[in-house]
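Structure first, then comments.
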Amino acid sequence: MSIFDQPVDRRGSDAIKWGKYAGRDILPLWVADMDFAAPPAVIAAVQQRIAHGVFGYGAPPASLTEALQAHLQAEYSWPIEADWIVWLPGLVSGLNIACRTVDGDVLTATPIYPPFLSAPRLSGRTLHSVDLACPAGHWQWDKNALQAASTVETRLFLLCHPHNPVGRCWNRQELLDLADFAERNDLVVCSDEIHCGLILDADKHHIPFASLSPEAAKRSITLMAPSKTFNIPGLGCAFAVIPDAGLRRRFLRAMDGIVPHVNVLGLAACEAAYRDCTDWQRELIAYLASNRDAIETAVNRLSGVKMSHIEATYLAWLDVRELNLAQPHQHFETHGLGLSDGADFGAKGWLRLNFGCPRSTLDEALRRLQQAVVVA
Ligand SMILES: Cc1ncc(COP(=O)(O)O)c(C=O)c1O
C-alpha cells in the first residue's frame, strides 16, 4: 500500500476540480492538480509558519534561495545565481509578463496549455502557432513549420517543457535544435518548466533550456514552481530565472504595480518542498508511472481511442477523433468522466485525462472510459 492509495475527500472543499461536478456522479479528471495530500514536510512547514501568528508582508528568506539553488543544482546540474530569480505568485502570470516584456510577435506550438494561446492576446501581441508533428505516434517539433511561422516581427518563443498536454520530456538534441532556431531568429525563449519534477521514465532526464549553453541562457526566461510536483498550486508560489540582467530588468518593469508579492505560506511550503521532499517525490513518480502504465494498457485495448507514450506530467492526451463524436467532451461527461476539452488546447477531438489520483479512482475512470467508448 502506497501513501498515494489513501483517498482524500475533496468534495465540499475549496477544490475547483471537485466543485465543478458537485452533486453529480462525474469523476473530475480535468484541471491539473492531484488528489494527494502535500508532502508531510511541506504541511509541517506551513503549520509552523501559521503557528507564528503574524502574517505581515514577507520576502523570500536566504534559506529559501539556498534551498532552490541546491535543488536546481542537484536535480538538473544547473547552477543559478541568486539575483537571477524573480519570485512570482504563479506561472500564468509569468507567461503574461513575458509577453509584455518582449516587444514583438509570439510563436508557440499546439496542442498547448490554453494560457499559451491567451497570454499573447491579453498582452496585445500577435500569436503565430504551428502544430507539433506526431509521426508514428511520437510527438516532435516540425522544424520547417516553425521556421515558416516565424516572421521578422517574431521576438518571443513560448516553450512548454515538459510539454502539457502531449507529455514529452524534450531531449537534449531537440532543445539544441530549438536553441539554434532561437539564435538564428533572434528570439527570447520563455520556457515553462512547471512539470519538470514529474519525469516518469527512468531513462529520461529534464534539461532546463537555459542550462544548454551561455547563449541559450542569455535569451531565456525559465518559469518554474514547486506547485505541480508537490501538489501545492493553491499556495501560489512560483519563480522566473532570468540570467540576462537587461531582460530581467524589463521583466521586472512589466510586473511593476500589478504583480503582488508571494504569500508567506507559499514561501514556507516552497522551501520545505525543495529541501526536504526528495524521497516523497521519488515515491510519487513511481506511483504516477504505474498509473500511466495502467492507462496506456487500457487505452491500447480500446478501438477508437489512441494515445502516445506519456514521458512526463500526470496528464494523458487522448485522441478520440475516430469515434466521430459531435461533442466528445460532453459525451464522456455523460458517462461519468470530467476531462479537459482538447478544443481549448487548439485540438478538437482530443481530451486530456488527469491521472494524479489514487489507483482506485483511476480504475473506476478506466472502467467508465471503456463503457463510454463502447457505446460511442
Ligand atoms: C504548463 C503549465 N503552465 C502553467 C500552469 C499553471 O501555473 P500557475 O497555477 O502557477 O499559474 C499549468 C497548470 O496546469 C501548466 O500545466
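Could you work out the helix-only [θ] at 222 nm for the chain, with each DSSP H run of four or more residues adding -39,500 (n - 2.57) and the total divided by the number of residues, to the nearest 500 deg cm²/dmol? Don't jump to the answer; show the numbers that get you there.
Values: 13 runs with 147 residues, N = 376.
Counting only the DSSP helices, I get -12000 deg cm²/dmol.
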- [ ] Name the long-range amide H neighbours of K20: under 5 Å, sequence gap of 5 or more, or other chain; modelled H, no Pro or chain starts.
- [x] none
Task: Share, in percent, of DSSP beta bridges within the chain that are antiparallel, nearest 5 - done: 50 percent
Task: Hz values of 3J(HN,Hα) by residue in segment 155-169 - Karplus curve (6.51, -1.76, 1.60), Gly and Pro given as x - done: 10, 10, 10, 9, 10, 10, 8, x, 8, 9, x, 7, x, 7, 9
Task: Surrounding net charge for D35, when Lys and Arg each add one and Asp and Glu each subtract one, Cβ distance under 9 Å - done: +1
- [ ] Heads up, I need the accessible area for C196: 1.4 angstrom probe, whole protein in place, Å², nearest 10.
- [x] 10 Å²
TODO: First compute the accessible area of segment 44-276 with a 1.4 Å probe, then give the percent of it belonging to carbon and sulfur atoms.
DONE: 53 percent
Open item on the list: In whole Hz and in residue order, list the ³J(HN,Hα) couplings for segment 20-30 that follow from phi through the Karplus curve 6.51 cos²θ - 1.76 cosθ + 1.60, θ = phi - 60°; x for Gly and Pro.
Closed with: 4, 10, 3, x, 10, 7, 10, 6, x, 10, 10
- [ ] Lys and Arg at +1, Asp and Glu at -1: add these up for the other residues within a Cβ distance under 10 Å of Q327 and post the number.
- [x] -2
TODO: Take the chain, connect every pair of alpha-carbon atoms lying under 10 Å apart with a spring to form a Gaussian network, then pick out the residue of Q281, Q327, Q69 with the largest mean-square fluctuation.
DONE: Q327
Task: Semi-axes of the equivalent ellipsoid for the chain, Cα gyration tensor, largest first, Å - done: 31, 27, 19
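Please state the shape class of segment 254-376: rounded when a/c is under 1.5, otherwise prolate if a/b exceeds b/c and oblate if not, all from the C-alpha gyration tensor. Spell out each step's value before the answer.
On the way: a/c = 2.74, a/b = 1.60, b/c = 1.71.
Oblate, because a/c is 1.5 or more while a/b does not exceed b/c.
Quick one: if the Förster radius is 30 Å, what FRET efficiency do A22 and I43 give, using the C-beta to C-beta distance and rounding to 0.05?
Between A22 and I43 the formula returns 0.75.
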Task: Whole-angstrom gap from segment 232-277 to segment 30-101, using each part's C-alpha centre - done: 6 Å
Open item on the list: Starting from the Kirkwood Rh over alpha-carbon pairs, what translational D in µm² s⁻¹ does segment 1-148 have by Stokes-Einstein at 25 °C and 0.890 mPa s?
Closed with: 122 µm²/s
Task: Value of relative contact order over segment 44-276, rounded to a whole percent, pairs C-alpha under 8 Å and six or more apart - done: 28 percent
Open item on the list: Could you report the accessible area of Y287 in Å², rounded to 10, computed with a 1.4 Å probe on the protein chains as they sit in the structure?
Closed with: 30 Å²
Task: V130 long-range amide H proximity, modeled H, under 5 Å - done: T108, A109, T110
Task: L337 long-range amide H proximity, modeled H, under 5 Å - done: L27
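Convex hull volume of the Cα atoms in segment 86-155, per residue, in Å³?
Working: hull volume 6.8 nm³, N = 70.
For segment 86-155, the hull spanned by Cα atoms encloses 98 Å³ per residue.
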Task: Backbone HN-Hα couplings from phi across segment 109-116 [Karplus 6.51/-1.76/1.60, Hz, Gly and Pro as x] - done: 10, 9, x, 8, 3, x, x, 5
Task: By accessible area with a 1.4 Å probe, ligands and nucleic acids excluded, highest first: order of D5, D25 - done: D25, D5
- [ ] Whole number in Å², please: accessible area per residue of segment 44-276, 1.4 Å probe, ligands, DNA and RNA not counted.
- [x] 41 Å²
TODO: Go through K348, K17, K306 and list them by solvent-accessible area, largest first, probe radius 1.4 Å.
DONE: K348, K306, K17
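The values are calculated or read from the model by the stated rules, or taken from the named source; none is laboratory data. Quick caveat: nothing in here was measured; it's all calculated off a predicted structure. Quick reminder, even Gly has a Cβ in these numbers, built from the backbone with ideal geometry, and neighbours come from all protein chains shown. The accessibility values were calculated without ligands, DNA or RNA, using every heavy atom of the protein model including side chains. Shrake-Rupley method; radii C 1.70, N 1.55, O 1.52, S 1.80 Å.
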